[in-house]
1. Any residue in the range 192-211 that is in contact (Cβ under 8 Å) with a residue 12 or more places away in the chain sitting within a Cβ distance under 6 Å of a residue that is in a helix (DSSP H, G or I) and of a type outside the set (A, V, I, L, M)? List the pairs, counting only those 6 or more apart or interchain.
2. Given the criteria more than 30 Å from residue 123 (Cα to Cα) and modelled with pLDDT of 80 or more, does residue 37 qualify?
3. Anything in the range 118-153 that is surrounded by 13 or more Cβ atoms within 10 Å (Cβ to Cβ) and either touching a strand residue (DSSP E or B) at 6+ places or on another chain (Cβ under 6 Å) or under 17 Å from residue 90 (Cα atoms) (or both)? List them, or say none.
4. Out of all the residues in the range 154-186, which are surrounded by 15 or more Cβ atoms within 10 Å (Cβ to Cβ) and within 20 Å of the chain's Cα centre (by Cα)?
5. Quick check, is residue 196 among the basic types (Lys, Arg) and closer than 19 Å to residue 276 by Cβ?
6. Filter the range 56-85 down to residues that are at pLDDT below 85 and among the β-branched types (Val, Ile, Thr) and give me whichever is nearest to the chain's Cα centre (by Cα).
7. Determine which single condition residue 53 fails, assuming it passes every other condition in (1) at pLDDT 80 or above; (2) exposed (fewer than 11 other Cβ atoms within 10 Å of the Cβ).
8. Examine the range 99-106 for a residue that is at pLDDT 95 or above, out of contact with any Pro (no Cβ under 6 Å at 6 or more places or on another chain) and among the charged types (D, E, K, R), and state whether such a residue exists.
Amino acid sequence: MPDDIAPAETADNAEAVSEPTQTTETSDDNWRSSLSEDLRDNPSFSKFKDVDSLAASYVNLQSHLGRDKIAKPVTDSDWDDVYEFLGRPESPEEYEVALPEGLPEEIASQFNDEALSSFKQEAHKLGLNADQVKSLIAWQAGSMGSQHDAYKGMVDESMEKGETALKAEWGRAYDQNIGFARKAFEEYGGEQLAAKMEASGLGNDPDVLKAFANIAKTTMADNDLAGPSSGTRMALTPDEAKAEASTIMAHPAYMDRHHPEHTSMVKKVQGLFNQAYGE
């Protein structure tokens, strides 16, 4: 038989030629059909479009095994799980707080039950754990206490300087003028004002003391200031003593040694000089 003549078709080889080759590949939509029935309809596989995406997810999962990780929260419930995982107590009431020792009463009183309850509620919403809440309260209280002490130190220093200046200005009349100022507080503002002045520190402010002492001297009778049974002359400040001495020294009796009042006036001037310049 010549080489260029093809053999006649037989029934067997005709069937083999006409029948298409079957493929084992599955489409993207039904890749799960190859799984066993108990896995096929599992909703966990619904997000995978093919075997490759499932395999990629598995590889990613394997890379995270052994790590202490949590899923990214989305819902409020997810966040609650995260907060509990991180140590948030079940309720705000379970938070325990402790204020630093030696905290000034003015500061400690601000951390009352109402204030702490409000803070705990907010901390619980934010997912803070017990240690975080305890640390925050301690830090806030300590910070407020430090600021209070610093401010009090500044006030005390200012009051001390003011007192020194007043003593230099008033001399022997210092205690007397302080008493005048206190009487003016009560006379024109009542005990309530006097108490507020003392509580706020204004009652020791040099400018306030000077103002009220002058008010007392201007508006109150001498016997009200010195007291009905004191029997003593009010003390003068150095400036007041100098002014009165100048007035007496300008009197003719002081200038005339033969005047009957000359000796008494000289003694008065000497006493005023002692008050003004010290003995």
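1. From the range 192-211, the pairs are 194/185; 194/186; 197/185; 197/203; 206/162.
2. On the way: more than 30 Å from residue 123 (Cα to Cα): yes; modelled with pLDDT of 80 or more: yes.
So residue 37 fits the description; yes.
3. Correct list: 119, 120, 121, 123, 124, 127, 128, 129, 130, 132, 133, 134.
4. Those that are surrounded by 15 or more Cβ atoms within 10 Å (Cβ to Cβ) and within 20 Å of the chain's Cα centre (by Cα): none in the range 154-186.
5. No, not satisfied.
6. Among them, the one singled out is 70.
7. For residue 53, the exception is condition (2).
8. Filtering the range 99-106 for residues at pLDDT 95 or above gives none.
Looking for residues that are at pLDDT 95 or above, out of contact with any Pro (no Cβ under 6 Å at 6 or more places or on another chain) and among the charged types (D, E, K, R), one finds none in the range 99-106, hence no.
The values are calculated or read from the model by the stated rules, or taken from the named source; none is laboratory data. None of the values given here were measured: they were computed from a predicted structure. Note: ideal-geometry Cβ built from the backbone for every residue, glycine included; neighbour counts use all protein chains shown.
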